[in-house]
Structures are given as structure tokens and as C-alpha cells.
Amino acid sequence: MKTASVNSRQSQRFLAFPRVLLSGLLTLILGIVIAIALLQVYSFAIFPSELPPSVELEPLLAADGASRTVMTEAGLAVYADGRGRGLARLRLPEHYLRYPFLQISLKGRSIVDGIALRTATEGATPRLLFALQAPRQQNILFLWVSEAWQGGAQELRVDLRLPPGSRIILEPIQLRQLSPLVALRHVFYSLTQSSPWSQASPNFYRASQSSPFFLKPAFFTACIFMAGCVAMIFLSRLCGWMLSPTRGAVVAMLVLWTVLDLRWQWELLNNVQQTMAVYWGKDERQKQLAGPERNLVLAAEEIRSVLTTESEPRIFVSSSIEFLGMRMAYYLFPYNVFWERDEPLRGPSYFQKDDFIVLLQPSEMRMNTATNELLFPDDSTLPVIPVFGRGSVALFQVK
Amino acid sequence: MAATQYLLIVCLPLLGGMVLAMSYARCCRKYNKANIVGLGLLFGMLLATLILRLQSGLQLSFQPGFFLLFGLLALVAAIVLLRACPSRELSSVVPMHGHSFAQNLLILVCLLLLAVRLALLAEEALARPLSGWDVTMHWATKAKVWLDNGALVPFVSNDSWLISESGVFTDHHPNYPGTIPLLQVWMGVALGGWSETAVNLPWVLTGLALLLLFFGGAVLAGASPATAAVFTYLLGSLPLLNSHIAFAGYADLLLGTCYLAALQALLLWSGNRNTPPLILASLLAVTAMAIKNEGFFWSSTLLAGVMATLIPIRRLLILLAVGAAVLALFLVVLPGDFTLAGHSLTRLELGLRWHALPALFQQLFVLGSWHLAGVMLLAALLIGLRYPAALKGLGVLAIPLLVALAMYLFLFTATRFSYGAIHGTSANRIALHLMPSLFFLMTLVMSRLWEQTGLDLGELESAPQID
């Protein structure tokens, strides 16, 4: 009796591991199948099943003629100007609204840093419809442009951000309808996208920049997980002991989590490599100069060098772009700096003799060089002495 | 000489923290090495800020010599405290290894993966100059000034600054607590000057402390080391948490760590009713307030945890409902300029903003900041509701977290801070305060289910209900 019980327990243990794996696998398969079925239903309901029409890609000259495009056998060659901007014109077919995906193929590895779609209607100011910080090293950009199409323009301008003076070749651009296959391809594309660190990184992490919410990797995998779990609960009612929905759910969750995490780790590795390439082996000052705020750092250095150290000067920082103002103020600390978010400098009555004012353009403040007076937005004035000017940064001392 | 000074100034408070953690562990009945090292790192960093506060209070400049002196004194005091504590019993050491080769392998793999990731994040944090928005707007601004002046010189509002004589400074949030800038000052004192990269070290230490605390705490609370290791890996893999180590300088990671440590102490107290864990929870509650203003609200939820231990659950729920009603009444009756934890009622602009809910959902479930944590937490919540036995004895964690989640939802759907969810500026950062603790609760629930029933939830049907 006892032996039989032990044998039974041993066989249960022996069976437990494959059963757990099987349950997990089944949860995943069922989840994926249900997700694909739902996508199919959605695409039938919203988007008709037709062969996508072709998109015409044409050369476009910049106003200054610096950026140029040339039609070649391989595709449209886009040459970046000195500021790293490349342009092309896109003419959409009649029923473009039915096709929410735009596939842009590049010959060779991508060196595209950013891509934007703007309206290109003759005589009208271009409107931004779509912008993406494009990942490097991918030769296909698979973009969800459904919202951009709502802009209602059939002629578009493609703005590419490239290394200055470089050239890329755009192969024929294609519209894609929403089908399960295209959707899965887009999810795969999203999983292989990598976006660099940004100011928003501590606020949120966006696993995919250009996906509809239901195809964002985290949400899509969550849907697969939930659909699989629900299906397993129903199936277990039918098949009894063969399945274990809870254990299956745990295995499925771990697998899906690992997929998402591998992708995130890959991105993390990419970003750390980028950081190392920029900052590794440099001293403090060189690191700051190697960063994207080189000009601000240099200007702050020069400002510090002209400030008197005998008395503790008050320094007011002003810019219409709050990020610029905030960063300049930061670089000037530990001096006694005043910077106010969302507000231009207050009126002249708040200033004392020998206060310093740092203006970063664009700014609502203006300098009247004839009278050496700063003009406030309300037309009041403050007599100042120009002390220093470098590019868009200027330093004044209050008289 | 400079290297020795740096090492001493960085290590002395950490060593003091370790000794303090050991003293604490001796006073408690259960402990393990991970828990002691995690707590030690946390204590050490907080000790460093206390030393700087003391130096400033005594009007002694932030000189390395003074810091070393006070650090040494703190270490001696901690050793005296350790010797005064009752010596440990061997039986109280909770092992951190598994029962089988496969379990040990799993633990090893998880810990190795975490070590690699932390090394990667440390590389990023220590190579990149400070660049986060909040860091350069209101944390490092204070740190630079305090380091330069060698004292905690006052920061006042913009309006006050304009009419003040010299000697006062201002930035965008002059009334924010000083712990975060002081951590940066600590690194500055060690280096003998400001460094845009070295000041990030405390964030790497915080990440390490969080993971050790989580793992050690979960094992202490009854999870098997293998389960604890897996969940520690899941926690350590969260993109937003990783970003807060890489993009060092924000207060949220430290606050989340502090809140987790406080809840763990409360859980220990609810189990053995020893005084030391309760004292630690109270101290950490105060510390949370000294890290970020929001710490006040999370600390107040700890009271609900104490009540959950002392009062039967039904009575507690009634009390909480009455408390919420009274609070709602206060919000209506109190004058608009009434200020709590740095926020006046007028500034909160109370009013329902349901349109923030989809944005909140997007931030927590769609974008990817938390991988699948949102779904996992929902699943754990459903299991908790369906099988309350899994939560037995965990009311001390569940109730404060429930209250904290209610506060979180209130903040983003009923105050002007809903823009934080809509624009994605703060919903995730505030969630980071709670996420380690939510994960901790989930770990304990799941480990109970796994280890007691092999995740065959049917077996829980006959288990006793939560009391």
C-alpha cells in the first residue's frame, strides 16, 4: 500500500515537469492564435482586403538647394546637406487612408537618425504629421502612420535626419494594410527597434515609438498572456488533469517577460555602448564638452570667467525655451542664479546695480544697442552694459 | 592620498551602516546576509547625509577631515551598539540557498544576470554627466551650492530671493528635502570637488541595496530562495527601475527602496511584535519624508499597516472608510492655502479628471516601462480576492499598499497632477515608489501558492480565510 503511494507520488513528480511545460506552451500557442484571430477580425472590420497601391517617390529640392535627391536604378538617392537634412517627396495614392502602415526600405544599413512626414501642398506652410527618432542599423522602417494620414494631405515631404554630407538610397516605399501577418511583422520590427536615451527616459520607457497601442510589445504580449490563460481555463474544464492553467500561466508569463526583457537588455547594451563611445576615457570637462550641450557648457565657462568673485553676484537667466534656461542656470551654479520656469524675466524694478543677466535666444527680451537698454516684453527698459556675447548667449550687467 | 581619502569617505559611512544593520539583525529573531548588506547600504547612505547635516548644524565646513572624524565616531557608536545587542542565535539565520541542485542553479543564474545588469547600469551612470531634467532643475543645484559653501545654506522661493539680501539661493523647488542633494555632496566631499559623474554612485548603491533587500526580505518572509531569486530578477529587470539607476539623480528609486524597507520591517514586527522592527519602520517613515515630499503620504500608509496588525480586518476596513470620508470632508472644509507636504489645496486643484485614466493605463500597461508587471499585479490581485487565504498574515503589507494605490489613483484622477499621467511626466516615477513593495507582496503571495499547493489553487479552497 505504502509502496503504491510512493510510486504514485514519484510518477506524479515525473509527470509534473513536462505537464507544466506543456501547459505553458499551450497557453502561449492559444494566446498567439487568439491574438491573431482578433487581429484578423479587426482588420476585416476596419480595413478592406485589397492589394496595396504603389506610392510615388520623387526628388525634392530644398529651398536653398543644399539637400538634393537623385533618382537612380536602385532607388532614390538622398544626399544630406551640411546640417544633416535630406528631403524627398511622397505622392500617396487615392485610397491611402485604408493603409495604416508605411514601409520604408533603405539600401544598406540605415544611418537615419530621424524621420518626419510633413504636408507638401503647394503654397501652404508644411505641417508636421509624423515624427520618429529612427533607430540606426535597420534597413526597413515599418511605420504606423494611421494618425498621420488623418492630416488629409496626399502630397508629403519626407524629412530625413542624416550625418551631414552622407547619402542613402530609398527603395520603393510601400503602403501596407493591417493584416495579422503585417501586424506580427510590425511587432517584430518594434521588438528589434532601439531608441537612444532621452530626457524622458526617467519618466517612461517606450518600447516602440511608432506602433498603435494594441501592437506595442508590452500590451501585445499581455494580450497573448491573458487570452492564453482564459483559453486554458476553458480547456482544462474539458480535459481535466491533462492541463494546469495556473502553472501554464506562470510559464507563459516567464517566457513572455523574458522576450520583453531580452529586447530591453539589447537596447540597454546599445545605449551603454553609445555612451561609452562618447564619454569613455575623458576627464570631467571633456565629458561635458562631448555631450549635446557643448555650446551651453562653453558659454557658461566664459560667463563664469568674467564674473567678479569679490562680491557674490546675482545672475538672472532667461530664455523662451525653458530647457535652455534651466540648463544654463544649472551650469552656472554654484553662483547665485535665478531662473523661473514658464516666466520671462520680471520687470526692471526687481534688478539691482551689478546684477548680471544671461539671455539665451530665443528670448522675449530684446537689446537696444543704440541706448544700451534691455527691452522687456511689456516695453519697459533696463540700462545695462553688454559684457559678453557668444552665438545665442549674451551676458549683461545692470548699470 | 586622494584615493585613500575618497575610499575612506565613501566606505566609512557604509561600514557604519553595515554595523548598524548587524545590530538591528541581532535584535530581530530572523535575518540573512542579503538583508543585512541591503539594509547596511541603505543605512550607510543615510548615515552619510546625517553626518553632513551634523557638520552643517555645528557650523563645521564640509571638510573631508571633519567628515572622516564624524564617520569614525558613527562607526564606533555603531560598534558599541552592536556589542550591546543580544548575540545572535544560529537558528535564526535563514539560509539563502535552495534545496536542490536545480534550485541553486536557478538562484545563481538569476543573481548573475542581475549582477551583469547592475554592472552595465553602473557603467552608464558613472560615465554620463548628470543630464536628467529634475536633477539639474532642483536636486544637483542645491548640491553644488552646498558643496561650494561647505554648509546647508538656505534655498528660498523665487519671490523671497528677489527681496532677500545675499546668502540665500533659489531654484525651481527650493522647499524640497535635502537628502538627495546631500548624497551628491557626500560624493563631492570624497572627491574634493564637484564631479558630474561620480556623484551618481549612490544610485548604483541604491539599486544594489534594493535588490538585496528584496531578495533577503522575501526569504525572511518565507519565500523559498529560488522563488525570491526569480522575483528579484523580475524586479531588477524593470526598464523604468533600470533607467533610474542609469539616469541617476532622481529621488524616486531611493524613496521606493526606503518604503520597501519600512514595510519589510513592519511585516517582521507583525510576526514577532519585537520593538526594533517597529522602531526601524518609524525611522524609515521619517526618512521617506526627508527624501521627497511624497514620502509623507507613503509613510502615512504605514499606520494602516500597524492597524492591520492590531485590529481585525473588518473593523479596519470600516475605520479606513470612515477615515477616507473624514479626509474628503477636510478637503472640502479646509482653507485653500492649507499646505501638506509642500502642496496647498488650491494648488492641487481638486476635481475629477476621468480623462486621465486612459493615459494612466497607457503608462502602466501599454508603453513598456514595467514589462508585464501590471498584468502580473492584476493577476495577483485577482488571486488574492479569489483565495484570501493566500493573503493570510500579509494584511500588514496589503492594507498599506491598498491605501497607497488609492492615493496614487486619487493623485492622477482628482488633482491637477493628472497632467503627469497625460504627459507621462510623473505617473511612472510615482509608481516606482510603490512598485518594489507591490512586487514584494506579489512574491509572497505567489510563493505561498507555489510552495504550499504547487499552484494548484483548488487546494486553497479549504484553507482558512484571512482574519
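The values are calculated or read from the model by the stated rules, or taken from the named source; none is laboratory data. In this text the structure is predicted, and so the values were computed from the model without any measurement. Every residue, glycine as well, gets a Cβ built from its backbone with ideal geometry; the counts of neighbours run over all protein chains shown.
Every condition in (1) within 31 Å of the chain's Cα centre (by Cα); (2) surrounded by fewer than 16 Cβ atoms within 10 Å (Cβ to Cβ) holds for A:Lys353 except the one numbered (1). Here is a check on your reading of the model: is A:Phe14 at pLDDT below 75 and within 32 Å of the chain's Cα centre (by Cα)? Answer is no for this residue. Here segment B:252-296 is the region considered, the condition is being among the hydroxyl-bearing types (Ser, Thr, Tyr) and surrounded by 24 or more Cβ atoms within 10 Å (Cβ to Cβ), and the residue that is farthest from the other protein chains (Cβ to nearest Cβ) is B:Thr287.
Checking the structure you have, find out if any residue of segment B:137-160 is within 30 Å of B:Thr232 (Cα to Cα) and more than 8 Å from chain A (Cβ to nearest Cβ). Within segment B:137-160 (the criterion being within 30 Å of B:Thr232 (Cα to Cα) and more than 8 Å from chain A (Cβ to nearest Cβ)), the answer is yes, since at least one residue qualifies.
What's the total number of residues in segment B:226-251 that are within 20 Å of B:Ala140 (Cβ to Cβ), surrounded by fewer than 24 Cβ atoms within 10 Å (Cβ to Cβ) and out of contact with any Pro (no Cβ under 6 Å at 6 or more places or on another chain)? Count: 0. Going through B:Gly368, B:Gly384, B:Gly351, B:Gly374 one at a time, which residue ends up being in a loop (DSSP other than H, G, I, E, B) and either at pLDDT below 85 or surrounded by 12 or more Cβ atoms within 10 Å (Cβ to Cβ) (or both)? Checking each option against the conditions leaves just B:Gly368.
Taking the numbered list (1) part of a helix (DSSP H, G or I); (2) more than 7 Å from chain B (Cβ to nearest Cβ) in turn, A:Ser211 passes all entries but (1).
The set of residues in segment B:316-368 that are farther than 22 Å from B:Ile399 by Cα, without any contact (Cβ under 8 Å) to a residue 12 or more places away in the chain and of a type in the set (Gly, Ala, Ser) comprises B:Gly336, B:Ser344. Candidates in segment B:220-250 are the residues that are aliphatic (A, V, I, L, M) and within 11 Å of chain A (Cβ to nearest Cβ); of these, the one that is farthest from B:Ile107 (Cα to Cα) is B:Ala248.
Of all the criteria given as (1) without any contact (Cβ under 8 Å) to a residue 12 or more places away in the chain; (2) on the phi > 0 side of the Ramachandran plot, the one not satisfied by B:His371 is (1).
Are any of the residues in segment B:177-188 under 24 Å from B:Asn32 (Cβ atoms) and β-branched (Val, Ile, Thr)?
Let us first name the residues in segment B:177-188 that are under 24 Å from B:Asn32 (Cβ atoms), namely none.
Checked against the condition, which is being under 24 Å from B:Asn32 (Cβ atoms) and β-branched (Val, Ile, Thr), segment B:177-188 yields no hits at all.
Would you be able to say whether some residue in segment A:226-244 is facing chain B (nearest Cβ under 8 Å), surrounded by 21 or more Cβ atoms within 10 Å (Cβ to Cβ), under 26 Å from B:Leu372 (Cβ atoms) and free of Cβ contacts under 8 Å to residues at least 24 places away in the same chain? No, the conditions are met nowhere in segment A:226-244.
Within the group A:Leu117, A:Leu143, which residue is closer than 30 Å to A:Ser179 by Cα, within 23 Å of the chain's Cα centre (by Cα), modelled with pLDDT under 85 and surrounded by 18 or more Cβ atoms within 10 Å (Cβ to Cβ)?
Working: A:Leu117 fails: modelled with pLDDT under 85.
Answer to the selection: A:Leu143.
In summary, A:Arg327 fulfils each of the numbered conditions (1) closer than 20 Å to B:Trp161 by Cβ; (2) of a type in the set (D, E, K, R); (3) over 31 Å from the mean Cα position of the chain (by Cα) with the single exception of condition (3).
A:Phe204 falls short on exactly one of the conditions (1) in contact (Cβ under 8 Å) with a residue 12 or more places away in the chain; (2) buried (at least 21 other Cβ atoms within 10 Å of the Cβ); (3) under 29 Å from B:Tyr250 (Cα atoms), and that condition is (1). Would segment A:341-355 turn up any residue that is among the polar types (S, T, N, Q), more than 9 Å from every other protein chain (Cβ to nearest Cβ), out of contact with any strand residue (DSSP E or B) (no Cβ under 7 Å at 6 or more places or on another chain) and farther than 28 Å from B:Pro154 by Cα? The answer is no; no qualifying residue exists. Write out, first by first residue and then by second, each pair whose Cβ atoms fall under 9 Å of each other, whose residues are 6+ apart or on separate chains, and whose first residue, in segment A:259-272, is more than 14 Å from A:Tyr189 (Cα to Cα) and at the interface with chain B (Cβ under 9 Å from one of its Cβ atoms) while the second is surrounded by 21 or more Cβ atoms within 10 Å (Cβ to Cβ) and basic (Lys, Arg). Final answer for the pair search is A:Gln265/B:Arg117; A:Leu268/B:Arg117. Scanning segment A:276-290 for residues that are surrounded by fewer than 19 Cβ atoms within 10 Å (Cβ to Cβ) and either under 30 Å from B:Leu372 (Cα atoms) or at the interface with chain B (Cβ under 7 Å from one of its Cβ atoms) (or both) turns up A:Met276, A:Trp280, A:Glu284.
Right, B:His97: farther than 24 Å from A:Arg327 by Cβ and modelled with pLDDT under 95 or not?
On the way: farther than 24 Å from A:Arg327 by Cβ: yes; modelled with pLDDT under 95: yes.
Here the answer is yes, as B:His97 does meet what is asked.
Kindly indicate whether any position in segment B:321-341 is buried (at least 17 other Cβ atoms within 10 Å of the Cβ) and farther than 30 Å from A:Ser211 by Cα. Taking every residue of segment B:321-341 in turn, none turns out to be buried (at least 17 other Cβ atoms within 10 Å of the Cβ) and farther than 30 Å from A:Ser211 by Cα.
Candidates B:Gly98, B:Gly132: the one that is away from every other protein chain (no Cβ under 14 Å) and either crowded, with 16+ Cβ neighbours inside 10 Å or farther than 30 Å from A:Met328 by Cα (or both) is B:Gly98.
Residues that are crowded, with 19+ Cβ neighbours inside 10 Å and of a type in the set (S, T, N, Q) are absent from segment A:147-168.
With segment B:130-222 as the region, which helices (runs of 4 or more DSSP H) entirely inside it contain at least 3 residues that are hydroxyl-bearing (Ser, Thr, Tyr)?
Values: elements: B:140-149, B:158-163, B:179-191, B:201-220.
By residue number, no helices (runs of 4 or more DSSP H) qualify.
Condition (residue is in contact (Cβ under 8 Å) with a residue 60 or more places away in the chain, within 8 Å of another protein chain (Cβ to nearest Cβ) and touching a Ser or Thr at 6+ places or on another chain (Cβ under 8 Å)) applied to segment A:217-225: is it met by at least one residue? Spell out how you get there, then give the answer.
Looking only at segment A:217-225, we keep the residues that are in contact (Cβ under 8 Å) with a residue 60 or more places away in the chain, and these are A:220, A:223-225.
Checking the rest, the ones that are also within 8 Å of another protein chain (Cβ to nearest Cβ) come to A:225.
Next, only the ones that are touching a Ser or Thr at 6+ places or on another chain (Cβ under 8 Å) stay: A:225.
The answer is yes; a qualifying residue exists.
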